[in-house]
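This report concerns only the one structure given below.
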Amino acid sequence: LLDFLPEEHLENLRVETLDCGGGAVRAKILLEFEGLRKERQYSLNLYLAKINPEREQERLIGTFPIKNNFLKEEFVVPAELWSPENPNLYSLRAELRREGVALDDMIIETGFRTISQKNGEILLNGKRIILKGALIMQFLPPYDRIVVNHICPSMEEIIWQMCAIKAMNGNTVRMHRSE
């Protein structure tokens, strides 16, 4: 697989949820730029769309001027929160522009949620959650031969295990995979 990138391009897009509640999310975008020239004017358009079966229309949520090779900006958007019961996902697209012309874009899929701990309890989006799940180490019998015949599971086996955990009302998995 080869990627052909323009001289001026985006790298390392990340999104972090800072705060959520009341139907709005405050998040931070972190993004790096390569090949920018000091004598040129650049900006970044940020678009958001909910991922659902109908593929919601993208909407512009902000335009940010670019002053150096790194962007760290906060934004607030109306969004539904992610949870195990309602795994709301969004597509966030960052578009690098110079003088009104799009040069490069990068897309990341994310769910907006906060995870914290308070008084010994785990909170998801500010609400107490009890984690129920499994530790999957893929140590398959016979156990005395694990070191010799350990085989990584296929993707189908992993999906089957995830479906089994979900059927048992699990909401978390810790998985060890060797690659």
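Structure data summary
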{"item": "R59 open to solvent by 60 Å² or more (accessible area, probe 1.4 Å), out of contact with any Gly (no Cβ under 6 Å at 6 or more places or on another chain) and touching a residue at least 12 places away in the same chain (Cβ under 8 Å)", "result": "yes"}
{"item": "Selection status of F64, surrounded by 10 or more Cβ atoms within 10 Å (Cβ to Cβ), at pLDDT below 95, over 22 Å from G100 (Cβ atoms) and in contact with a strand residue (DSSP E or B) (Cβ under 9 Å, 6 or more places away or on another chain)", "result": "no"}
{"item": "Tally of residues being open to solvent by 70 Å² or more (accessible area, probe 1.4 Å) and either of a type in the set (S, T, Y) or free of Cβ contacts under 8 Å to residues at least 24 places away in the same chain (or both) across the range 93-106", "result": "1"}
{"item": "E109 being open to solvent by 80 Å² or more (accessible area, probe 1.4 Å) and part of a loop (DSSP other than H, G, I, E, B)", "result": "no"}
{"item": "Of the criteria (1) surrounded by 15 or more Cβ atoms within 10 Å (Cβ to Cβ); (2) within 17 Å of the chain's Cα centre (by Cα); (3) of a type in the set (D, E); (4) not in a loop (DSSP other than H, G, I, E, B), which one E80 fails", "result": "(4)"}
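The values are calculated or read from the model by the stated rules, or taken from the named source; none is laboratory data. What you see is a predicted model; the values in this text were computed from it and never measured. Heads up, the Cβs are rebuilt from the backbone with ideal geometry, glycines too, and the neighbour counts pull from every protein chain shown. Note: areas computed on protein heavy atoms with side chains; ligands, DNA, RNA excluded. Shrake-Rupley method; radii C 1.70, N 1.55, O 1.52, S 1.80 Å.
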